[in-house]
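A.B. asks: Sharing a structure with you now.
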Amino acid sequence: MTDTLPQDELSDQEKNHARRWWILAVLGIAQLMVILDNTIVNIALPTAQRSLHFSNADRQWVVTAYSLAFGSLLLLGGRIGDILGRKRALLIALVGFAFASALGGASTGFPMLVVARSVQGAFGALLAPSVLALLATTFADPSERNKAFAIYGAIAGAGGALGLLLGGILTSYASWRWTLFVNLVFAAIAATGALMWLKNDRAADTDPLDIPGVLLVTSGLFSIVFGLSHAETTSWSDPYTIAFLVVGVAILCAFAVLESRVRHPLLPPRVVRNRTRGGSVLAMLFASIGIFGVFLFLTYYLQGTLGFSPVKTGFAFLPMVVALAATAQVSNRVLLPKVGPKIIVPIGLGLDAVAMFSLHRVSLHSSYVSHVLPYLILLGLGFGLSLAPSFSTGTLGLRPSDAGVGSATLNTSQQVGGSIGTALLNTLAAGAATAYLVGRMPTPLNLRAAALHSYTTAFLWSSGFFVVGAILAGLVFAKGNLRQLAGPAGAPDAPAAAHA
């Protein structure tokens, strides 16, 4: 394997560079489609349940089916993109995701919807790392890279909130089916742009695929995501929950040992041993655990306690989106090149912790303007300082042949973090509601108070996860600005010039 590119490939890269801002628009649309899907379908689930007549127990599988396929196949999807060529992988993923979305939107029953969501997750696992890898390889100039990743980070961070808004509008004024059909529009625009502007489709990695590694990491991630989902619907002490989590961790440990010994590893250890990229993975993991408390339980509070409609709830999150987008530009384009991630990422996570701790003090009669809005803005500032830089530094200094699997590693930490947050915070919230009602009559007022107590408990725990993420990020990230951390030009994976 060599990092020297033939002249004809360089000419293709030069063509990509000339169209780089158009390519960024294509990648942004593709990424937005994947991020929106995480929340837009959740908003539509109650309506879909009534339409297709499935139970509350079955409803969770509409979410779990997607998570299992997406989370367990991400590393494989990243390496496939490296092997096939990323333009080809992107187009295949867009077409496949659109097909699965059309199948889901046309569902005539629960089994058809679950199958469609599984197929969506599988193609999403090919799409997400291809998008991030293309971004990392298209923008090589440091100043332009920072600008591009600021935009990408803003899209990735704000997509969940925008999904709530779009999901509310489509469900209220069209049909729940349009929360899936809308992906056809996004995919068609992104695929057309990719065909028009993306030129370089050469394989970045010609090494043989690490089949034992694929089997181990896929089964390990599947076991962990399934175990977390099972804990959410049963309990943490359930034998199946424990078995899947223990087996998943054991398999991933075996995968880590294998990757250090095989000649052509699926996930080369150099990808995650770098402190800058490793810190980004940890920051993304804990931020994703905490983010779940923002979107899900704050949505419950706004709709269930304050009586907001789905559309009004979506609009309520927009100030956070604006704050995130603005701060992402400042953090990636101004702060990150000067001071590096060791300072700004922990500060961002710390701001998120303060915001969630403040939100846990809301009451049954709190005002959105005085008790929610300020902390949503603070959350946006924190996400702009933590999430957007983590996307940039998570792929910093990677070899072209590692860009796909490196991007997949970052996406995997985000997905696993979201699964942990889903299971853990739902369990804690349910336990808090049950504990509140002990010794109290189940009157309407007490039931509302119990629900509120479950939300505020989730907010408080989310705050704690952000604190842990801030501490770990501060310890793992190396000191230095972005240029120092990237190492000497032309030397991917070189050690950072500055040490912690």
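A.B. asks: With respect to residue 429, determine if the residue is of a type in the set (A, V, I, L, M), part of a helix (DSSP H, G or I), modelled with pLDDT of 90 or more and open to solvent by less than 20 Å² (accessible area, probe 1.4 Å). I'd like the intermediate steps shown before the answer.
C.D. replies: Working: of a type in the set (A, V, I, L, M): yes; part of a helix (DSSP H, G or I): yes; modelled with pLDDT of 90 or more: no; open to solvent by less than 20 Å² (accessible area, probe 1.4 Å): yes.
Answer is no for this residue.
A.B. asks: Determine whether residue 215 is assigned to a helix (DSSP H, G or I), open to solvent by 50 Å² or more (accessible area, probe 1.4 Å) and not hydroxyl-bearing (Ser, Thr, Tyr).
C.D. replies: yes
A.B. asks: Pull up the range 432-450, narrow it to residues that are among the small types (Gly, Ala, Ser) and open to solvent by 30 Å² or more (accessible area, probe 1.4 Å), then point me to the one that is modelled with the highest pLDDT. Let's see the steps before the verdict.
C.D. replies: Residues of the range 432-450 among the small types (Gly, Ala, Ser): 432-433, 435, 439, 449-450.
Filter once more, keeping what is open to solvent by 30 Å² or more (accessible area, probe 1.4 Å): 435, 439.
Numbers: 435: 90, 439: 87.
Going through the qualifying residues, I end up with 435.
A.B. asks: How many residues are surrounded by fewer than 20 Cβ atoms within 10 Å (Cβ to Cβ), polar (S, T, N, Q) and modelled with pLDDT under 90 if we restrict to the range 302-328?
C.D. replies: The total comes to 2.
A.B. asks: Now for a different question. Looking at the range 331-423, what helices (runs of 4 or more DSSP H) fall wholly within it and have at least 2 residues that are in contact with a helix residue (DSSP H, G or I) (Cβ under 9 Å, 6 or more places away or on another chain), open to solvent by 10 Å² or more (accessible area, probe 1.4 Å) and of a type in the set (Gly, Ala, Ser)?
C.D. replies: 341-359
Matching residues to (1) of a type in the set (Val, Ile, Thr); (2) in contact with an Asp or Glu (Cβ under 7 Å, 6 or more places away or on another chain); (3) surrounded by fewer than 22 Cβ atoms within 10 Å (Cβ to Cβ):
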| residue | (1), (2), (3) |
| --- | --- |
| 108 | yes, no, yes |
| 134 | no, no, no |
| 140 | no, no, yes |
| 143 | no, no, yes |
| 147 | no, no, yes |
| 189 | yes, no, yes |
| 210 | no, no, no |
| 222 | no, no, yes |
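A.B. asks: If residue 100 meets every condition in (1) among the small types (Gly, Ala, Ser); (2) in contact (Cβ under 8 Å) with a residue 24 or more places away in the chain; (3) open to solvent by less than 10 Å² (accessible area, probe 1.4 Å) apart from one, which number is that one?
C.D. replies: (2)
A.B. asks: Of the residues that sit in the range 52-67 and are open to solvent by 50 Å² or more (accessible area, probe 1.4 Å) and in a helix (DSSP H, G or I), which one is farthest from residue 218 (Cα to Cα)?
C.D. replies: 56
A.B. asks: Another question, if that's okay. Out of 281, 247, 262, report the one residue that is touching a residue at least 40 places away in the same chain (Cβ under 8 Å), among the β-branched types (Val, Ile, Thr) and open to solvent by 40 Å² or more (accessible area, probe 1.4 Å).
C.D. replies: 262
The values are calculated or read from the model by the stated rules, or taken from the named source; none is laboratory data. On a predicted model such as this, the values are computed, not experimentally measured, just so you know. FYI the Cβ positions are ideal-geometry reconstructions off the backbone, even for glycines, and counts take in every protein chain you see. Just so you know, the surface numbers come from the protein's heavy atoms only, side chains and all, with ligands and any DNA or RNA stripped out. Shrake-Rupley method; radii C 1.70, N 1.55, O 1.52, S 1.80 Å.
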